[in-house]
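Please read the structure below before turning to the comments.
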Amino acid sequence: MPQQSRNQKIKRFFSWGIAEIYPSKEALEKALKSGKKLKVYYGVDPSGAEIHLGHAVCLRKLKELQDLGWEIVMLIGDFTGRIGDPTGRSKTRIPLTHRQVLENAKTYKDQVSKILNFAGNNPTKIKFNSEWLDKLSFKEVIELSAHFTVQQMLERDMYQERIKKGLPIFLHEFLYPLMQGYDSVVLRADAELGGSDQTFNMLCGRTLMKELKNKERFVITCSLLTGNDGRKMSKSFHNTIPVTDNPFTMFGKTMAAKDEIMISYFELCTDIPQEEIKKIEKDLKNNKVNPRDVKARLAREIVTIYHGSKKAEKSEEEFNRVFRDKKKPTKAKEVKLSKSKWNITDLLVKLHLAQSKGKAKRLIREGAVKINNKKVSGLNKEVNLKNGDVVRCGKINFVKVSL
């Protein structure tokens, strides 16, 4: 790809993935065109160990700012992660210990390095917010609280929903946006970037910067990526696509995405120009292209970003072999079993294709379990396995049995 000019890079930055900019697009555009090196940060609470394509929307926007010369800070919320962000939650999060949070964050740098640069002349920096939040005194927390009202907190949708349902709202949940906002003050950042669901929390930081440091700060909110099933992206729904998925799994999860969300995935997860995406959308609407072929291109584009074009091509070949030609996978995880006769639910748990017997039964009811491409029915079915049998659970999870 030919090297882009600075103005082209700026135009590209504003062309995709941005929901809102505070105080304005014009102000941010002026700052970018000035060539001045500004500091922007993106915060992630390590509630889980995976960085997925939803996070990658923000990370790819950060990479564009990094390429424009801005200083990038990846903030690990090892303190706020212990409180738990109440945003969008119908009930209070279960608190995590500091050890759990740090364990979840252990591989974040390796995962994020698939997108951001951690070497060279402008390397990404990593910070942990326990460094300053652990040191706040009770007096300082009270002083921070005085910048906001209870009414501001209660106006948020998730609290209104809880009030209607008679569910509790705990005081510590009100403190979460204060803690996240205080990160901005300590970092003295010129901008914060995050998902549009974080708008309230990020604007709290903007307020604190104005009142405590008399400094303006940009807030850049990014469009949210839905899960591949069309619902909110959530690990509990098993609809995320982690950036560390192997190429075949990443390809398969993308192919499993609902047709109606393909265009948003093209816009938020690939480097395809917006003009071309609009043409793809128009062709789909006019039935000029096969949705399956379009989705295959989407999968290739995504796998190429994280694994390279050769692995993307091989993943597509393997996918077609298994799902179009109905053949066994050329490679599958192999598990040695001590016996050949199994209750099907016990087998799925043993092969780590289901986390529990309850989940195994749900998968069987949904018709998601096959042995050598033959659907298994019956929750208490006894199966007799042979060496080399392939057990499949869902669309892309395969295990080869060794006896």
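The values are calculated or read from the model by the stated rules, or taken from the named source; none is laboratory data. Bear in mind that the values here come from a model prediction, so they are computed numbers and not experimental data. Virtual Cβ from ideal backbone geometry, glycine too; neighbours counted across all protein chains shown.
Considering only residues in the stretch 362-403 that are β-branched (Val, Ile, Thr) and in a strand (DSSP E or B), the one that is farthest from the chain's Cα centre (by Cα) turns out to be Val383. When you scan the stretch 191-226, how many residues do you find that are under 21 Å from Glu50 (Cβ atoms) and either free of Cβ contacts under 8 Å to residues at least 40 places away in the same chain or not in a loop (DSSP other than H, G, I, E, B) (or both)? The qualifying residues number 8.
Counting only helices (runs of 4 or more DSSP H) wholly contained in the stretch 90-148, the ones carrying 2 or more residues that are charged (D, E, K, R) occupy 98-105, 108-112, 138-145. Flag: Ser338 matches the condition of being at pLDDT 85 or above and part of a loop (DSSP other than H, G, I, E, B). If I filter the stretch 300-314 for residues that are in a loop (DSSP other than H, G, I, E, B) and free of Cβ contacts under 8 Å to residues at least 12 places away in the same chain, do I get at least one hit? Checked the stretch 300-314: at least one residue is in a loop (DSSP other than H, G, I, E, B) and free of Cβ contacts under 8 Å to residues at least 12 places away in the same chain. Looking across the stretch 102-137 at every residue that is hydrophobic (A, V, I, L, M, F, W, C) and at pLDDT below 95, the one that is farthest from Glu50 (Cα to Cα) is identified as Ala119.
Here Tyr182 meets the list (1) within 25 Å of Val57 (Cα to Cα); (2) of a type outside the set (Gly, Ala, Ser); (3) free of Cβ contacts under 8 Å to residues at least 12 places away in the same chain almost entirely, failing just condition (3). Considering (1) assigned to a helix (DSSP H, G or I); (2) in contact with a helix residue (DSSP H, G or I) (Cβ under 6 Å, 6 or more places away or on another chain); (3) farther than 21 Å from Val243 by Cα, the lone condition that Lys11 does not fulfil carries the number (2). Taking Phe174, is it in a helix (DSSP H, G or I), at pLDDT below 95 and of a type in the set (Phe, Trp, Tyr)? For Phe174, the condition - in a helix (DSSP H, G or I), at pLDDT below 95 and of a type in the set (Phe, Trp, Tyr) - is met. Only one of the numbered conditions (1) more than 26 Å from Arg392 (Cα to Cα); (2) surrounded by 12 or more Cβ atoms within 10 Å (Cβ to Cβ); (3) among the basic types (Lys, Arg) is violated by Lys258, and that is (1). Taking the criterion of being closer than 30 Å to Val303 by Cβ and among the hydrophobic types (A, V, I, L, M, F, W, C), would at least one residue in the stretch 105-114 satisfy it? Yes, the conditions are met somewhere in the stretch 105-114.
Filtering the stretch 261-287 to residues that are buried (at least 17 other Cβ atoms within 10 Å of the Cβ) and of a type in the set (D, E, K, R) leaves only Glu267. Listed by first and then second residue, the pairs with beta-carbon distance under 9 Å, at least 6 apart or on different chains, first residue in the stretch 95-121 and touching a residue at least 12 places away in the same chain (Cβ under 8 Å) and closer than 23 Å to His307 by Cβ, second among the acidic types (Asp, Glu) and assigned to a helix (DSSP H, G or I), are Asn117/Asp67. The condition of being loosely packed, with under 15 Cβ neighbours inside 10 Å, hydrophobic (A, V, I, L, M, F, W, C) and assigned by TED's automatic domain parsing to the domain that holds Val101 holds for only one of Ala49, Ala27, that being Ala27.
Taking the numbered list (1) among the aliphatic types (A, V, I, L, M); (2) in contact with a helix residue (DSSP H, G or I) (Cβ under 9 Å, 6 or more places away or on another chain); (3) at pLDDT below 95 in turn, Leu53 passes all entries but (3).
Without any contact (Cβ under 8 Å) to a residue 24 or more places away in the chain, of a type in the set (Val, Ile, Thr) and under 30 Å from Gln8 (Cβ atoms), is that true of Ile261? For Ile261, the condition - without any contact (Cβ under 8 Å) to a residue 24 or more places away in the chain, of a type in the set (Val, Ile, Thr) and under 30 Å from Gln8 (Cβ atoms) - is not met. When the stretch 21-72 is filtered for residues that are touching a Ser or Thr at 6+ places or on another chain (Cβ under 7 Å) and among the β-branched types (Val, Ile, Thr), the ones remaining, listed by number, are Val57, Ile72. Take the conditions (1) modelled with pLDDT under 95; (2) among the acidic types (Asp, Glu); (3) farther than 17 Å from Gln111 by Cβ; Glu64 misses just one of them, which is (1).
When the criteria are applied in full, Asn290 meets the requirement of being on the phi < 0 side of the Ramachandran plot, surrounded by fewer than 15 Cβ atoms within 10 Å (Cβ to Cβ) and of a type outside the set (Gly, Ala, Ser).
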